[in-house]
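Participant: Would you mind keeping the following structure in view while I ask a few things?
The values are calculated or read from the model by the stated rules, or taken from the named source; none is laboratory data. From a predicted model like this one, the values you see are computed outputs, not experimental measurements. Here the Cβ positions follow ideal geometry from the backbone for every residue, glycine too, while neighbour counts run over all protein chains shown.
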Amino acid sequence: MMLYAGGNRHYVGSTYNYMNALYLKLIEAHYNGENDTVLQLQTEADAMYKIILAYNNIIAGKEIMRIIGVDCGPVRVPLKALTAADRETFFRKISDTTLFSYAAKKNLTGITAR
């Protein structure tokens, strides 16, 4: 949000694939001068980032996309796919955040970490 507040309007980032609604709310709150909302939303995003980065942002991003219904295929070498146990742990941790309330959902019913 600091870069946006400083005038940056050019973005690159894979989290836009599944967190765009959160970013739009952040920008709206910024324009409306709702600094408490900006802080709250940024705190939510930070909690998600910490989990995503702990699992490697590329690997975690592909897993999130798979969970929301867009299977982007396996990760490429030299990256290693998550094990079934890691998928389950990642799903549990990321589900404890607000990510899925913002992520576009193709179909979240009956999703499990396979």
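Participant: Filter region 55-76 for residues that are farther than 16 Å from E88 by Cα and in a helix (DSSP H, G or I); which is farthest from the chain's Cα centre (by Cα)?
Facilitator: First, pick out the residues of region 55-76 that are farther than 16 Å from E88 by Cα: 57-58, 69-76.
This time we only want the ones that are in a helix (DSSP H, G or I), so: 57-58.
Values: N57: 9, I58: 11 Å.
Here the answer is I58.
Participant: A follow-up question, please. Of the residues that sit in region 7-54 and are among the aliphatic types (A, V, I, L, M), surrounded by fewer than 14 Cβ atoms within 10 Å (Cβ to Cβ) and within 21 Å of R92 (Cα to Cα), which one is modelled with the lowest pLDDT?
Facilitator: The residue in question is L53.
Participant: Is there a residue in region 39-50 that is in a helix (DSSP H, G or I) and of a type in the set (K, R)?
Facilitator: Filtering region 39-50 for residues in a helix (DSSP H, G or I) gives 39-50.
Next cut, of a type in the set (K, R) only: 50.
Within region 39-50, one or more residues are in a helix (DSSP H, G or I) and of a type in the set (K, R).
Results for (1) out of contact with any Asp or Glu (no Cβ under 6 Å at 6 or more places or on another chain); (2) at pLDDT 95 or above, shown as yes or no for each residue.
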position: I67; (1), (2): yes, no
position: A84; (1), (2): yes, yes
position: R92; (1), (2): yes, yes
position: T98; (1), (2): no, yes
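Participant: Which count do you get for residues in region 79-94 that are assigned to a loop (DSSP other than H, G, I, E, B) and within 14 Å of G61 (Cβ to Cβ)?
Facilitator: Within region 79-94, the first condition is being assigned to a loop (DSSP other than H, G, I, E, B), and the residues that meet it are 79-83.
Narrowing the set further to residues that are within 14 Å of G61 (Cβ to Cβ) leaves 79, 81-82.
Counting residues in region 79-94 that are assigned to a loop (DSSP other than H, G, I, E, B) and within 14 Å of G61 (Cβ to Cβ) gives 3.
Participant: So, one more: Which of the residues that make up region 17-31 are among the hydroxyl-bearing types (S, T, Y) and either closer than 22 Å to A60 by Cβ or not in a helix (DSSP H, G or I) (or both)?
Facilitator: Of the residues in region 17-31, the ones among the hydroxyl-bearing types (S, T, Y) are 18, 23, 31.
Selection gives Y18, Y23.
Participant: Quick check on T89: is it farther than 19 Å from G13 by Cβ and exposed (fewer than 12 other Cβ atoms within 10 Å of the Cβ)?
Facilitator: Values: farther than 19 Å from G13 by Cβ: yes; exposed (fewer than 12 other Cβ atoms within 10 Å of the Cβ): no.
No, not satisfied.
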